[in-house]
Amino acid sequence: MKRSSVIRRAVLAVAAVTLAAGCVPEAAGSGGTRTAPPATPSTAPAPSSAAPTGDDKPSSPAPSATTEAPGPKARILMDDGDESARVRELQARLRQLGYFDRAPTGFYGTMTGNAVKAFQKKRELPRTGSVDEVTWQKLVAMTREPTADELRPATTNKLDAPDPRCMTGRVMCISKESRTLAWMIDGKVVSSFDVRFGSENTPTREGEFKVEWKARDWTSTIYHTPMPYAMFFSRGQAVHYSSDFAARGYNGASHGCVNVRDKGKLAVLFDQVKVGDKVVVHW
């Protein structure tokens, strides 16, 4: 074989090996021109940083154990203006814990709402003053079922703050909120009584009145029931003793009069009150 043929074959072999190994771009600073490799189609998945589109969008993550989804609005069990046996139980349970400082009346008024707010504040609940399921369950868990005496104690209801109209003169100051009558002279309480009012259909009128006339022994001309020690103040409505109130307590109601259940104390008051004395019926 000729020498030139041998040299040529050697050069071709070296070139073939170089192409098989692939060309590496020159390092920076070598003085040559860097040539990028040609782009080639790829079947590899897109990088995870690519934004998903269409059906590739991930679904919302499931809520964690510490995440609370917004729930429905709390259902109110008892609120201002309600009157029921359940409200009486609420008041008795609040009284066991020292939040309600008077005898239960069964009526949900301002004092009951304030007692509920105080309980809710202590338990770190929303201070709504209304009783929802959470408030009720916490109260029930912390108290025992009230006894009959706790629901309807024989003691006199605690007086609330007198209405400003009661602070001057001689006045029977009657509160529907605390269900009490305070006989007051020049702003001082002389005596006080538990009282009962009319039903929803025959309500006791509210406002400022005067004693129009008195009758030690009287029988209703409409209902034909005894009304001892009656002191009339508003078109047939009167403060008087009620044997039904004495027997059944707040299980019943009057036909609009202010019932008193302590006959002996009322007899003393009847002798003290004069025609023309003021009568204030308020919440």
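A short reminder: the numbers here are calculations on the coordinates, not readings from a lab. Since we're looking at a predicted model, the values are computed, not measured. Reconstructed Cβ throughout: ideal geometry from the backbone, glycine too, with neighbour counts over all protein chains shown.
Per-structure values
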quantity: Whether segment 121-176 is rounded, prolate or oblate, judged on the alpha carbon gyration tensor where a/c under 1.5 counts as rounded; calculated: oblate
quantity: Neighbourhood charge, 12 Å Cβ-Cβ cut-off, centred on residue 178 and excluding it, Lys, Arg +1 and Asp, Glu -1; calculated: -1
quantity: Selection of chymotrypsin sites (Phe, Trp or Tyr not before Pro), segment 221-259, meeting DSSP coil and at most 14 other Cβ within 10 Å; calculated: 223
quantity: Exposure proxy ranking, count of Cβ atoms within 10 Å, fewest first, for 168, 221, 204; calculated: 221, 168, 204
quantity: Loop-located trypsin sites (Lys or Arg not before Pro) in segment 182-255 whose Cβ has at most 11 other Cβ within 10 Å (DSSP); calculated: 216, 235
quantity: Under the Karplus curve 6.51 cos²θ - 1.76 cosθ + 1.60, θ = phi - 60°, whole-Hz ³J(HN,Hα) for segment 86-102, x wherever Gly or Pro sits; calculated: 5, 5, 4, 5, 4, 5, 5, 5, 5, 5, 4, 9, x, 8, 10, 9, 8
quantity: Inter-probe distance in nm under a simple model that places probes 7 Å from Cα toward Cβ, at residue 128 and residue 222; calculated: 3.9 nm
quantity: Low-density loop cleavage sites - GluC sites (Glu not before Pro) in segment 191-283, where at most 10 other Cβ are within 10 Å (DSSP); calculated: 200
quantity: Exceeding the 23 Å Cα-Cα cut-off - candidates 214/263; 158/210; 121/188; 158/274; 138/176; calculated: 158/210; 121/188; 158/274; 138/176
